[in-house]
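Some notes on the structure that comes next.
The values are calculated or read from the model by the stated rules, or taken from the named source; none is laboratory data. Since the structure is predicted, the reported quantities are computational estimates derived from the model, not experimental observations. Positions of Cβ are generated from backbone atoms using ideal geometry, with glycine treated the same way; all protein chains shown enter the neighbour counts.
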Amino acid sequence: MNKCILTLLLGLALSSSVYAGDLVKMKGKTQGRTNHEFIYQDGCQGCHQGSGKKNAKDTACVECHGEINSIPVDESKLAIPEAHPHKSLHYNQGASCLACHGEHEKKAPVCAECHRTWFGEM
Amino acid sequence: MHNRRNFLKLSAGAAIGGMAVAMPATSFAKECKEIQWDESHDVIVVGSGFAGLSAALNTKRQGVGSVLVLEKMQVIGGNSAINGGWLAIPKNPIQLAQGIKDDSPEELVKDQIISGRGMQNEAALRQIANRALDAYELCIGTGVKFRDGFNIQVGGHNKARAIRTQHGTGGDITTKLYEAGVKEGVEYRLQHYIEDFIMDGQTIVGLKVRKNYRFPDIKTGSTVYIKANKAVILANGGFARNMKLREMVDPSLDPTLDCTNALGATGEVTLTAMAHGALPVHMNLIQTGHWGSPDEGGFGWSNALLSIGWHQGAAISVLNGKRFMDERADRKTCSEAIMKNRYPDNSPAYPVVLFNYEKYKDDDRVVRALRDKMAWKLDSLDEIASKFNIPAAELKRTISEYNGHVNARKDPLFNRKMDTAEVLTGPYVVSRIWPKVHYCMGGLKTDLGARVIDGRSMSPINKLYAIGEATGGVHGEARLSSTSCLECLAMGIVVSETIKSDAQA
């Protein structure tokens, strides 16, 4: 995990003109997040269970980012304090990362299905 | 994990009934098919709302073996996670502390019989009401917090017996039941879609499951076979989000009505059960919540806001500025009255509900409604008339007359109980209302032990159980508010007891 973070920081430093998490072309037509650039260097299997044809699982996210409740968000940007997506009153630990986050495309979080004015696409 | 093999002779003859014609593809025609089980569990629960989570935790606690919960969406909780967090519990501690000593399970059943209009299952309602305190204890025991001192009378109930979770959402319950289940060894999986049941005659032996499914694309994921040694519990909820099915079973349902439910409430597991002989009842009885707002998505704030409005305010037609219903009547009565408000082209003329701002301005139900712009603070009746295009003179006459009825504590127009009504002086909180499709009274017929009934033999399908909104015939024509959560939690307890007893038989 430490290696991951180190590479992550390096990746950020090298791409100072783009924000971490921005969607850019990674491989061919496949888009990906700038902070994940280093993962693509080893192909798709880092997230996709050994083959790009297989789906990615939460464990791939958790390995570097940690469990959902421990991942900080910029709370100054929340519509209200209770709108904390990593401490959701509706789901808390019961939400998959994939419910809100798309690696290869922009996605509106599951919260936006009801709270239409609180969250944008990410 | 292809280590479990099972050779089944699947009987085609028993399953090809008339009912199967319009049903989803099933596997019962594959005679002598060799099922290669990918894994096996003692109990499989389908769905992770109140019913599924209660059933999973309680079955685990009964000690009948391994319990696996399958949820097709990417979050745990189903529609329950976004519900309003109301729970009817006769004799709950808050009610008793309020000095209400004359409530009982039987009093609740009495209300439900009136609301069910002769179509309800009285024995099932009584069983659920009798387990209400067990359901309450299940919540308290897993760390669910309810609002201090809060216990009120909601539509159609003759007593104040509805308590509410701390944050006003069922998520306060689903998150706790889920986290307790994880601690106690229940296994939960997201993105697992039930493709079919694997039957051996009138016994369910397992499930054909699409894992890594991504709603709503049925082509995603891959198929696995999961064996169920002792039980499959269907807790897949209702089908209010299945527009095709909704229209087929109730053509009178206005297709423009929005829905309160989570997107996954599409009912395909219920259809699969039907294809295997399960008897559906009351499928056309679909409830609209009369407390919806056209100015927000999903279940929203409107229901809670109107818990003030129905009591301390008045509902007004924008067409003529008059009241048009007993604001405290049950859902069906109010829904029908509200939906009569139409412009000549039949489009909705959303009525408004208004109550006094000053007394409730710091109430969370008001603060968030104003903040998220699904309600407005307006200073005068003229402002209200102008904003919502209501005849001003008629509106003023109506409110003046209404205030007289409040003072007299008597409503000669609609016979509303006026004990909580307040003289309306302004400034006002005003919101628009229009029903939303909310709940399916219909579903799979079960016996009192939650065993699913086969419509051909009129006897239980072995090892197949159903609880919660997936079942039908419990509430009859109209379910009372705050009773679904109760039903789901209580039946999760009941089904665990049935399974323990069936497994020993």
**Request:** Would you check if B:ASP134 is of a type in the set (Asp, Glu) and within 14 Å of chain A (Cβ to nearest Cβ)?
**Result:** no
**Complete:** Inside region B:196-238, the number of residues satisfying the requirement of being within 14 Å of another protein chain (Cβ to nearest Cβ) and in a loop (DSSP other than H, G, I, E, B) is 7
**Fill in**
Residue set B:ALA369, B:ALA421; condition touching a Leu at 6+ places or on another chain (Cβ under 6 Å) and either within 14 Å of another protein chain (Cβ to nearest Cβ) or not basic (Lys, Arg) (or both); output residue B:ALA369
**Item:** Candidate set: region A:98-122, residues that are assigned to a loop (DSSP other than H, G, I, E, B) and hydrophobic (A, V, I, L, M, F, W, C); chosen: the one nearest to the other protein chains (Cβ to nearest Cβ)
**Value:** A:CYS114
**Asked** Tell me, which residue of region A:66-97 that is aliphatic (A, V, I, L, M) and within 12 Å of chain B (Cβ to nearest Cβ) is nearest to the chain's Cα centre (by Cα)?
**Response** A:ILE68
**Item:** Count - residues of region B:231-248 that are surrounded by 22 or more Cβ atoms within 10 Å (Cβ to Cβ), out of contact with any His (no Cβ under 7 Å at 6 or more places or on another chain) and farther than 27 Å from B:ASP42 by Cα
**Value:** 2
**Message:** Can you go through B:GLN74, B:GLN62, B:GLN112 and tell me which one is crowded, with 17+ Cβ neighbours inside 10 Å and within 19 Å of the chain's Cα centre (by Cα)?
**Reply:** B:GLN112
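So that you can scan it fast, the table gives a plain yes or no per residue for (1) within 30 Å of B:LEU70 (Cα to Cα); (2) surrounded by fewer than 20 Cβ atoms within 10 Å (Cβ to Cβ); (3) within 14 Å of chain A (Cβ to nearest Cβ):
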position	(1), (2), (3)
B:ASP250	yes, yes, no
B:LEU263	yes, yes, yes
B:GLY267	yes, no, no
B:GLY297	yes, yes, yes
B:LEU306	no, no, no
B:TRP310	no, no, no
B:SER317	no, no, no
B:ASP326	no, yes, no
B:SER335	no, no, no
**Message:** Can you pull out every residue in region A:31-86 that is over 24 Å from A:GLU113 (Cα atoms), of a type in the set (D, E, K, R) and touching a Gly at 6+ places or on another chain (Cβ under 7 Å)?
**Reply:** A:GLU37
**Request:** Name every residue in region B:392-449 that is of a type outside the set (A, V, I, L, M, F, W, C), crowded, with 19+ Cβ neighbours inside 10 Å and closer than 30 Å to B:CYS485 by Cβ, in order of residue number.
**Result:** B:ARG416, B:SER431, B:ARG432, B:PRO435, B:LYS436, B:HIS438, B:TYR439, B:GLY442, B:GLY443, B:LYS445, B:THR446
**Request:** Output the residues belonging to region B:164-195 that are over 23 Å from B:GLY143 (Cα atoms) and either of a type outside the set (A, V, I, L, M, F, W, C) or facing chain A (nearest Cβ under 10 Å) (or both).
**Result:** B:LEU190, B:GLN191, B:HIS192, B:TYR193, B:GLU195
**Prompt:** Out of all the residues in region B:434-460, which are of a type in the set (Val, Ile, Thr) and either in a loop (DSSP other than H, G, I, E, B) or within 19 Å of B:THR59 (Cα to Cα) (or both)?
**Reply:** B:THR446, B:VAL452
**Prompt:** Hey, any hits in region B:461-482 for a residue that's touching a Phe, Trp or Tyr at 6+ places or on another chain (Cβ under 6 Å), of a type in the set (A, V, I, L, M, F, W, C) and either surrounded by 24 or more Cβ atoms within 10 Å (Cβ to Cβ) or modelled with pLDDT of 95 or more (or both)?
**Reply:** no
**Residue in region B:203-234 that is farthest from B:GLU34 (Cα to Cα), counting only those that are among the hydrophobic types (A, V, I, L, M, F, W, C) and under 26 Å from the mean Cα position of the chain (by Cα)** = B:PHE215
**Message:** Here is a check on your reading of the model: is B:ILE163 in contact with a Phe, Trp or Tyr (Cβ under 8 Å, 6 or more places away or on another chain) and more than 30 Å from A:LYS54 (Cβ to Cβ)?
**Reply:** yes
**Prompt:** Of B:GLU487, B:GLU422, B:GLU477, B:GLU401, which residue is farther than 27 Å from B:ALA51 by Cα, touching a His at 6+ places or on another chain (Cβ under 9 Å) and charged (D, E, K, R)?
**Reply:** B:GLU422
**Message:** Looking at B:TYR350, B:TYR343, B:TYR360, can you tell me which residue is free of Cβ contacts under 8 Å to residues at least 40 places away in the same chain and not small (Gly, Ala, Ser)?
**Reply:** B:TYR343
**Prompt:** Quick check: anything in region B:442-462 β-branched (Val, Ile, Thr) and touching a Pro at 6+ places or on another chain (Cβ under 7 Å)?
**Reply:** yes
**Tally, over region B:239-248, of residues that are in a loop (DSSP other than H, G, I, E, B) and either away from chain A (no Cβ under 14 Å) or farther than 23 Å from B:GLN191 by Cβ (or both)** = 3
**Request:** Out of the residues in region B:269-295 that are part of a helix (DSSP H, G or I), among the aliphatic types (A, V, I, L, M) and buried (at least 24 other Cβ atoms within 10 Å of the Cβ), state the one that is nearest to the other protein chains (Cβ to nearest Cβ).
**Result:** B:VAL269
**Fill in**
Flagged in region A:39-53 as more than 14 Å from every other protein chain (Cβ to nearest Cβ), on the phi < 0 side of the Ramachandran plot and out of contact with any Cys (no Cβ under 8 Å at 6 or more places or on another chain), in numbering order, are A:TYR40, A:GLN41, A:ASP42, A:CYS44, A:GLN45, A:GLY46
**Message:** Residues to consider are B:VAL154, B:VAL186; find the one that is more than 28 Å from B:ASP111 (Cβ to Cβ), in contact with a strand residue (DSSP E or B) (Cβ under 6 Å, 6 or more places away or on another chain) and surrounded by 20 or more Cβ atoms within 10 Å (Cβ to Cβ).
**Reply:** B:VAL186
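Let's see how each residue does on (1) outside the structural domain of B:LEU489 (by TED's automatic domain parsing); (2) surrounded by 24 or more Cβ atoms within 10 Å (Cβ to Cβ); (3) in contact with a strand residue (DSSP E or B) (Cβ under 7 Å, 6 or more places away or on another chain):
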{"position": "B:VAL69", "(1), (2), (3)": "no, yes, yes"}
{"position": "B:ALA123", "(1), (2), (3)": "yes, no, no"}
{"position": "B:PHE150", "(1), (2), (3)": "yes, no, yes"}
{"position": "B:ALA162", "(1), (2), (3)": "yes, yes, yes"}
**Fill in**
Given (1) within 12 Å of chain B (Cβ to nearest Cβ); (2) surrounded by fewer than 18 Cβ atoms within 10 Å (Cβ to Cβ); (3) out of contact with any helix residue (DSSP H, G or I) (no Cβ under 7 Å at 6 or more places or on another chain), A:ALA56 misses just (2)
